[in-house]
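Chemist: Supplied in structure tokens, the structure appears directly below.
FYI, it's all coordinate maths here, none of it is from the lab. Computed from a predicted model, the values in this text were never measured in an experiment. Here Cβ is always computed from backbone atoms with ideal geometry, including for glycine, and neighbour counts include all displayed protein chains.
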Amino acid sequence: MNLSIPSEDERKKLLDAVDTVFKHGMLVLGPEVEELETKIASFCGRKFGIGVNSGTDALFLGLKSLGIGPGDEVITTSLSWIATANAIALTGAIPIFADVQDDLNIDAQSVERLITDNTKALLPVHFNGKVCEMDELTAIAEKHNLKLIEDAAQAFSARYKDRLAGSFGDIACFSMNPMKIFAGLGEAGMILTDSVEIKDRLLSLRYAGTVDREICVEPGYNSRLDTIQAAMLLKRFGRLDKLIKKRREIANIYNKKLHDFALTPVNSESDGHVYYAYTIIADDRDSLKEFLESEGIETKIRHPVLMPQQPAYKENARGEFSNAERVVAKILSLPIGEHLDRDDIDFVCSSISDFYQKYSN
Ligand SMILES: *Cc1c(COP(=O)(O)O)cnc(C)c1O
């Protein structure tokens with residue numbers, strides 16, 4: 001993971017965007033914020049976008065805007081960045097942790113088993129940039145009259161049967177932090193919805209619970225998306241296609257060369273995966289990681305601790321996560337991104353092949 005910007009052209013574009021904001025001076029909720037909100041909403045086929053401080057705030061405020069709070073249960077996955085569970089817990093609701101499939105996304109059957117009278121919402125995460133089984137999850141939400149919130153933080157521009165991540169459910173949440181696919185140069189988040197009521201409540205919640213910028217109608221937060229971030233994100237929107245294409249090309253090479261050694265992500269040409277991370281499920285994972293490190297190859301376990309097993313949650317964690325426990329001991333994310341060329345990828349593949357042929361028992 002390298003967040004520097006080697007391209008002079010790219011740096012100049014971003015600096016120009018910042019300069020424009022400096023000149024007009026509307027640093028708070030300037031015109032670029034609304035432009036970005038409209039752009040992302042229409043890209044995903046949604047009516048409204050609401051820019052906020054971070055992906056975490058998008059989830060937290062999104063849940064609040066749907067009326068989720070103390071006493072409610074929200075079913076989410078066991079394997080995600082901890083911000084997902086935190087957003088639920090911070091509303092006062094109880095996160096319920098469902099199991100994952102071998103593609104590392106939430107298991108819809110597990111979700112259905114965990115529904116109780118207190119369940120109010122489902123919060124699936126499109127983990128690693130692969131959209132969840134949204135047909136099944138949408139059907140479950142409708143059948144049990146539950147709100148559906150997409151955590152699409154890792155999946156900007158990912159597709160599921162020709163529909164984009166962010167186009168499902170009552171609301172969808174994105175993060176544009178510097179590590180994500182659609183990356184800003186600092187913290188940023190976005191909520192999408194088709195409901196005027198939810199949109200209005202979110203506009204208020206992100207601005208101290210006010211309407212007309214002065215009258216406070218409920219205790220709110222300060223979570224406005226910075227104009228400077230919005231301006232830079234608008235510039236970066238145009239490079240997404242190329243960046244995702246490159247990730248898919250790398251993933252295709254990995255899939256072809258590694259499937260004899262490890263479980264690789266399911267993939268086909270029509271697959272909508274954007275490969276925020278390329279994660280294999282590998283035997284002897286810790287030795288493999290160590291070996292690759294000795295070869296100068298950086299890998300990452302994303303994430304080594306399941307959300308229900310984090311110190312903040314483990315005492316009262318409810319749910320089911322036996323397959324998640326099995327796979328979390330085997331997951332390993334390999335290098336992927338614009339900065340890698342064909343030789344780099346071939347070297348990763350041959351190193352993994354060497355490991356399994358020579359060193360692993
Ligand atoms: C990054 C991320 C978040 C939180 O986004 P921030 O912008 O870092 O607050 C939430 N959920 C998932 C799945 C993420 O990857």
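Chemist: Where in segment 56-91 is the amide nitrogen less than 19 Å from a point lying 7 Å along the Cα-to-Cβ axis of ASP117?
Modeler: In segment 56-91, the label zone of ASP117 (backbone N under 19 Å from the point 7 Å along Cα→Cβ) covers 69-75.
Chemist: Can you tell me the dipole magnitude for segment 239-353 around its Cα centre, using point charges on the Cβ only (Lys, Arg +1; Asp, Glu -1), in Debye to the nearest 20?
Modeler: 460 debye
Chemist: Please list the non-local residues whose amide H lies under 5 Å from the amide H of GLY209, H modeled 1.01 Å from N, same-chain partners needing a gap of 5 or more.
Modeler: GLY220, TYR221
Chemist: In addition: Using a 10 Å Cβ count of at most 10 others and DSSP loop calls, identify the longest part of the chain lacking such trypsin sites (Lys or Arg not before Pro).
Modeler: That gives 1-160 as the longest site-free run.
Chemist: Now for a separate question. Fewest first, what order do CYS44, CYS132, CYS173, CYS216 take by the number of other Cβ atoms within 10 Å?
Modeler: Fewest-to-most ranking of CYS44, CYS132, CYS173, CYS216: CYS216, CYS44, CYS132, CYS173.
Chemist: Could you work out the per residue convex hull volume over the alpha carbons of the chain, in cubic angstrom?
Modeler: Taking the convex hull of the Cα positions in the chain, it is 135 Å³ per residue.
Chemist: Let me ask something else about it. Around ILE331, what is the net charge, scoring Lys/Arg as +1 and Asp/Glu as -1 over all other residues with Cβ under 9 Å from its Cβ?
Modeler: Neighbour charge sum, excluding ILE331 itself: +3.
Chemist: So for the chain, taking the charge dipole from beta-carbon charges (+1 Lys/Arg, -1 Asp/Glu), which of ILE106, ILE228, SER4 sits furthest toward the positive end?
Modeler: So the residue furthest toward the plus end is ILE228.
Chemist: Connecting C-alpha atoms closer than 10 Å in a GNM of the chain, tell me which of ASP260, ASP170, ASP117 has the biggest fluctuation.
Modeler: Sorting by GNM fluctuation, first place goes to ASP117.
Chemist: In the chain, what percentage of the DSSP-assigned beta bridges are antiparallel, given to the nearest 5?
Modeler: 60 percent
Chemist: How about LYS12: which lysines have a C-alpha closer than 19 Å to its C-alpha, ignoring those fewer than 8 places off in the same chain?
Modeler: Filter leaves LYS23, LYS235, LYS242.
Chemist: Next question, about the same structure. Of the DSSP beta bridges with both residues in segment 108-199, give the percent that are antiparallel, rounding to the nearest 5.
Modeler: If we restrict to bridges inside segment 108-199, about 55 percent are antiparallel.
Chemist: Could you tell me what percent of the DSSP beta bridges with both partners in segment 1-139 are antiparallel, to the nearest 5?
Modeler: 10 percent
Chemist: While we're on this one: Count the net charge of all other residues whose Cβ sits under 12 Å from the Cβ of PHE182, scoring Lys and Arg as +1 and Asp and Glu as -1.
Modeler: Value of the local net charge: +4.
Chemist: What would the Debye formula give as log10 I(q)/I(0) at q = 0.20, 0.22 Å⁻¹ for the alpha-carbon point model of segment 227-357, no solvent?
Modeler: -1.14, -1.25
Chemist: Give me the compactness ratio for segment 57-104, meaning the Cα radius of gyration over 2.2 N^0.38 Å.
Modeler: Segment 57-104 yields a ratio of 1.14.
Chemist: Please list, in order along segment 154-165, the HN-Hα scalar couplings obtained from phi with the Karplus expression 6.51 cos²θ - 1.76 cosθ + 1.60 (θ = phi - 60°), rounded to whole Hz, x for Gly and Pro.
Modeler: Once rounded to whole Hz, the list reads 9, 10, 4, 6, 6, 10, 9, 6, 6, 10, 7, 3.
Chemist: For segment 235-295, what number results from the quotient of the Cα radius of gyration and 2.2 N^0.38 Å?
Modeler: In units of the 2.2 N^0.38 Å rule of thumb, it is 1.32.
Chemist: For GLU295 paired with HIS144, estimate the spin-label separation in nm (one decimal), with each label point 7 Å from Cα along the Cα-to-Cβ line.
Modeler: My value for the distance between the label points is 4.3 nm.
Chemist: Under a crude label model (7 Å from the Cα following the beta-carbon direction), how far is ARG342 from LYS246 in nanometres?
Modeler: Here the modelled spin labels are 1.6 nm apart.
Chemist: Quick one: longest stretch of the chain between exposed loop GluC sites (Glu not before Pro), exposed meaning at most 10 other C-beta atoms within 10 Å and loop per DSSP?
Modeler: With GluC sites (Glu not before Pro) excluded where exposed in loops, the chain gives 1-213 as its longest stretch.
Chemist: Place a +1 charge on the Cβ of each Lys and Arg in the chain and a -1 charge on the Cβ of each Asp and Glu, then give the dipole magnitude about the Cα centre in debye, rounded to the nearest 20.
Modeler: Taking the Cα centre of the chain as origin, the dipole is about 500 debye.
Chemist: Pick out which of LEU240, LEU332, LEU59 has the largest mean-square fluctuation in a Gaussian network model of the chain, springs linking Cα atoms closer than 10 Å.
Modeler: LEU240
Chemist: Go ahead and estimate [θ] at 222 nm for the chain from helices alone: -39,500 (n - 2.57) per DSSP H run with n ≥ 4, summed, over the residue count, rounded to 500.
Modeler: -11500 deg cm²/dmol
Chemist: Quick one: Cα convex hull volume of segment 195-302, Å³ per residue?
Modeler: 208 Å³
Chemist: Moving to a separate point now. Based on the Kirkwood radius over alpha-carbon pairs, what is the Stokes-Einstein translational diffusion coefficient of segment 1-60 at 4 °C with 1.567 mPa s viscosity, in µm²/s?
Modeler: Calculated translational D: 94 µm²/s.
Chemist: Another question, if that's okay. Net charge within 15 Å of GLU37 by Cβ-Cβ distance, Lys/Arg positive one each and Asp/Glu negative one each, not counting GLU37 itself?
Modeler: Net local charge, GLU37 excluded: -1.
Chemist: Which whole-number percent gives the relative contact order of the chain, counting Cα pairs below 8 Å spaced six or more residues apart?
Modeler: Taking the mean separation of contacting Cα pairs over the length of the chain, I get 20 percent.
Chemist: Quick check for me: using +1 on Lys/Arg Cβ and -1 on Asp/Glu Cβ, what's the dipole size of segment 1-103 about its Cα centre, in debye to the nearest 20?
Modeler: Charge dipole, segment 1-103, about its Cα centre: 320 debye, nearest 20.
Chemist: If each residue of separation counts as 0.36 nm, what is the full-extension length gain between VAL211 and ILE5 once their alpha-carbon separation is subtracted?
Modeler: Between VAL211 and ILE5, full extension yields 70.2 nm more.
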